[in-house]
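Working notes for the structure below.
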Amino acid sequence: MTDEQGRPGRTDETAQTAPPDETAQPPELDRTPPARPERVRVTAAGLGAPARPAFDLRSPVAGERATEPAAVYVRSLIRSQLRLGIVAAVGFVVATVAFVLVLALVPDLSAAVVFGVPASWLLLGFGLYPLALTVAVLYVRAAARNEARYRALTVDE
Amino acid sequence: MNPWVGYLSIAAVAAASTLIGFYGLRISRTTSDFYVASRTVRPWWNASAIGGEYLSAASFLGVAGLVLLTGSQGMWFPIGYTAGYLMLLLFVAAPLRRSGAYTIPDFTQARLESTAVRRVTSTLVIVIGWFYIVPQLQGAALTVRITTGMPAWAGSVAVAVIVAAVVMAGGMRSITFVQAFQFWLKLTALAIPTVVILIVVAGGVPGLVAQAASIDPFPVEAGPAGLDVYRTVSLMVALLLGTLGLPHVLVRFYTSPDGVAARRTTVIVLALLSAFYCFPTVFGLLGRVFAPDLAEAGQADALVLMLPARLLPGPAGVLLTALVIAGAFAAFLSTTSGLVVSLAGVISQDLLGGSVRGFRIAAVLATIVPLVVALATESSGLAGSVGLVFAFTASTLCPVLLLGIWWRGLTARGAVAGMLAGGSLSALAIFGGGMLAAWAPGIRPFLEQPAAWTVPVAVAVIIVVSRTDRRGTPRGADAFLARLHTPEL
């Protein structure tokens, strides 16, 4: 355990690794450059503490008034991401229901035997995973596109 | 079955897990390291670790058992377990990572600016974690009983002790390595036996075919045409949404470097799970043909452990059995340790001041309670009991998490009211269901699979109470939502 020695105290290190995402903020939301965020020790305050996050969880824009257009952009980003998520989820559910209905209602699928197992069993057992994966990949691309659009808007400002 | 096969493979897995755990300890230094691996875990590592953590006794033993027992109805479990990650990807992964919180209670407290909410969420997280650990320990009991002939409690105790030791020693950094290793172990431990068995079966097993031909292994009413619509829909609601609220799964997303990495990680997890679940499904189908005698409650979960030796007499069967036992033990160890880490995180932050020492004490607390429950109760089907935990999670933490991420109108009162309503209704259905159903048999399916009505009720209560409490909207809600959804630069 030699690496236990020769290292600074734990609490100091903890302070330095405090929330790294303090810097992860779009510059436009941040007209008045705030003072460098205070270092926070990453421990919880416990239940008796006042209603404050265990460590600084506030958004970069908390406490300041976000400028009007920036707030509009954020709201439209949230809306488009939510719409995208719902479309993907509904798409997955509708496709699944349709798939299952076909399996249940087409008797040929139950009659056809592949490797000794009815085809409908095999399709149900293995067929839905590719569907979920496809939806996931499409969603990730579209979500990244939404974010790129948001970034382009805020950089143009 | 030769007990030494069991002893050796269990010992090997335990030793490997502990070694990796202690190797990881050398990198684990700070409080932050202990809790979330300092958020430096790469997507592939992280995805393997999530898979390792997620694939529990229910997945490794329970899925094959259910397919054997109930036919294609059982296939919905792995589909739901996997598609839950799709929902996680669509609605939770990136925003949750950007929230910067360590645990679900941290998230709800920060989002709703209320300690009351924190108290309720912490309690729920602990209860959910405990009840999720119980089937893992019961799976261990089953495995030890069947493979070594030792008394069943020895398995539960062994898993509890190993997990508490590893978690106390290394926290999450070492857990990440252990989990990632265990995912690949579990995958191999099912994949190799499946492939070998398929090859053998394709070559023809003379003695077994006669037995198999006596009854139809794939009757139409157990197939997709015999779908029980309400139960399947309700199960899917539970599994798809329950995944969102699982404490040990969520904490993993905090270890991604940023929101985009969190998304990529989730897609990899989906792919890994899809690959994994093919094997227990095949095992279940093989079981219907070659081991129909195991198809009774309490026995079916042992299918994965018994099938290789039945179809391959001689040393090949012994080797494959050893591999399967190792995989099963990896499943109990990894899910239990993931749950213990997140429970210990919550318990130590809320009760013990968040120090490293507090975390260690909390790890013991997180293990002992479910151990007592597991020793006192009998398993009634592993996948089924895990499914009920999903239903409870889907009715409590999931609505608050979803609305907290996407709806600025959520208030602390709404969240507490919804969690209490969803929690008490689903708990009533799960624990009191037997009695209520005896009194009114018509409602049995609604009690045995409650998610389809408890989740909407919880969501409705949250929305109605939040609406009547407009002044309760946290002042920082807009800013917090902006932070959740704006991409990192």
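Derivation of every value follows stated rules applied to the coordinates shown; laboratory data play no part. In this text the structure is predicted, and so the values were computed from the model without any measurement. Backbone-built Cβ (ideal geometry, glycine too); neighbour counts: all protein chains shown.
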Over the range B:231-357, calculate the relative contact order: mean separation of alpha carbon pairs under 8 Å at least 6 apart, over the residue count, as a percent. 23 percent
Hey, what does the equivalent ellipsoid look like for the range B:3-381, semi-axes from the Cα gyration tensor as sqrt of 5 times each eigenvalue, largest first, whole Å? 35, 23, 18
Once the dipole of chain B is set up from charges on Cβ (+1 Lys and Arg, -1 Asp and Glu), the residue from the list B:LEU303, B:TYR132, B:VAL67 lying farthest towards its positive end is B:TYR132
Relative to the longest principal axis of the C-alpha atoms of chain B, give the angle of the C-alpha long axis of helix B:229-245, reported between 0 and 90° and rounded to the nearest 10°. 60 degrees
Spin-label model distance (nm) - B:VAL233 vs A:LEU105, 7 Å beyond Cα toward Cβ: 1.6 nm
Averaged over B:76-88, how many beta carbons belonging to a partner chain fall within 10 Å of each residue's beta carbon? 4
Rounded to 10°, Cα long-axis angle of helix B:451-467 versus longest principal axis of chain B: 0 degrees
Could you work out how far helix B:3-25 tilts from the main Cα principal axis of chain B, as a 0 to 90 degree angle to the nearest 10? 30 degrees
Could you compute the longest span of chain B free of GluC sites (Glu not before Pro) located in DSSP loops and having at most 12 other Cβ atoms within 10 Å, not counting the site residues? B:1-295
Let me see the pair-distance distribution of the range B:90-206: every alpha carbon pair, 10 Å bin width, integer percents in order. 11, 22, 32, 21, 11, 3, 1
Largest first and to the nearest Å, give the Cα extent of the range B:422-489 along each principal axis. 56, 32, 16
